[in-house]
Amino acid sequence: FPVTIPKVISETEQGMVPARNRGVAEASGDIIVRCDADTIAYPGWIEVIKRGFENEKIDAMSGPADYYDLPIKPFFTFLQTLVFFRTWRFFKHSEIMFGSNMAFTKDIWKKILPHLAKHDPEMHEDMDIAININRRGGKIKHEPKMKVSISARRFTNEWYSLPDYLRRYFKAFFV
């Protein structure tokens, strides 16, 4: 499970989805590990991912996040886990993936890529990946030890975007 140093590449088409697709296409490994620019991984994060793929037959995994810039981290971490992961698992009988903290095989990526929403502003791209992995018979593991810390900007300086963010979550929920 060698870890390669990321390289900076340029994508001419603007947007997160084209940049993500280009990055995955350029990646040389069998496992693609993904986080956001403001994600801080906990110590041992890569080892947890490595063990997950070595010890189980899975196609993808994801884990929780706490918020490094909120004063009451445990409450918001619990709320995010309850709303995002547990609600999805309970009602959809499948796992979901969190874009700030995910890993998937290059093989499952090749299977789902033709089915992903390319330019749908109504679809969270991380949820699109998980929905398509589930639809294609892939197995996603939720790993509580695969933990990261992220910015709470949606709750603080970008609070105005939170209703739209939640609306798109629930729209994807009913796909």
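Taking all pairs of distinct Cα atoms, average 1/r, flip it, and tell me the Kirkwood hydrodynamic radius of the range 70-110 in Å to one decimal place. Can you show the working numbers first?
Details: mean 1/r = 0.0837 Å⁻¹.
Hydrodynamic radius (Kirkwood, Cα pairs) of the range 70-110 is 11.9 Å.
Using only the Cα atoms of the range 35-78, what semi-axes does the equivalent ellipsoid have when each is the square root of 5 times a gyration tensor eigenvalue? Give whole Å, largest first.
25, 12, 9
Could you compute how much accessible surface Ile40 exposes when probed at 1.4 Å, giving the result in Å² to the nearest 10?
Near enough 90 Å² of accessible area.
Calculate, in nm to one decimal, what Lys110 and Thr12 gain on full extension: separation in residues at 0.36 nm each, minus their alpha carbon distance.
On the way: separation 98, 0.36 × 98 = 35.28 nm, distance 2.18 nm.
Once the chain is fully extended between Lys110 and Thr12, it gains 33.1 nm.
Using θ = phi - 60° and the Karplus form 6.51 cos²θ - 1.76 cosθ + 1.60, what ³J(HN,Hα) does each residue of the range 120-135 get, whole Hz, x for Gly and Pro?
Each residue's phi maps through the Karplus curve to give 9, x, 8, 10, 5, 5, 5, 5, 4, 4, 5, 4, 6, 4, 4, 5 Hz.
Could you sort 10-21, 75-86 so that the peptide with the highest average Cβ count within 10 Å comes first and the rest follow in order? Spell out each step's value before the answer.
On the way: 10-21: 12.5, 75-86: 14.8.
The packing order, highest mean first, is 75-86, 10-21.
Using only C-alpha positions, report the orientation-averaged shadow area of the convex hull of the chain, nm², one decimal.
On the way: hull surface 40.9 nm².
Seen from a random direction, the Cα hull of the chain projects 10.2 nm² on average.
Report the calculated FRET efficiency for Tyr42 and Ile72 (r = Cβ-Cβ distance, R0 = 22 Å), to the nearest 0.05.
On the way: r = 19 Å, r/R0 = 0.86.
Computed FRET efficiency for Tyr42 and Ile72: 0.70.
Can you pick out the pairs among Lys118/Lys171; Lys92/Lys145; Lys50/Lys118; Lys118/Lys141; Lys118/Lys145 whose Cα atoms lie more than 21 Å from each other? Can you show the working numbers first?
Values: Lys118/Lys171 17 Å; Lys92/Lys145 23 Å; Lys50/Lys118 29 Å; Lys118/Lys141 25 Å; Lys118/Lys145 31 Å.
Violating the 21 Å limit, Cα to Cα: Lys92/Lys145; Lys50/Lys118; Lys118/Lys141; Lys118/Lys145.
Before rounding to the nearest 500, sum -39500 (n - 2.57) across all DSSP H runs of length at least 4 in the chain and divide by the residue total; then give [θ] at 222 nm in deg cm²/dmol. Write out the running numbers ahead of the final one.
On the way: 7 runs with 66 residues, N = 175.
So the calculated ellipticity at 222 nm is -11000 deg cm²/dmol.
The values are calculated or read from the model by the stated rules, or taken from the named source; none is laboratory data. Keep in mind that what you see is a predicted model, and the values were worked out from it rather than measured. Note that we place each Cβ from the backbone using ideal geometry, even for glycine, and neighbour counts take in every protein chain shown. Accessible surface is based on the protein model in full, side chains and every heavy atom, while ligands, DNA and RNA are left aside. Shrake-Rupley method; radii C 1.70, N 1.55, O 1.52, S 1.80 Å.
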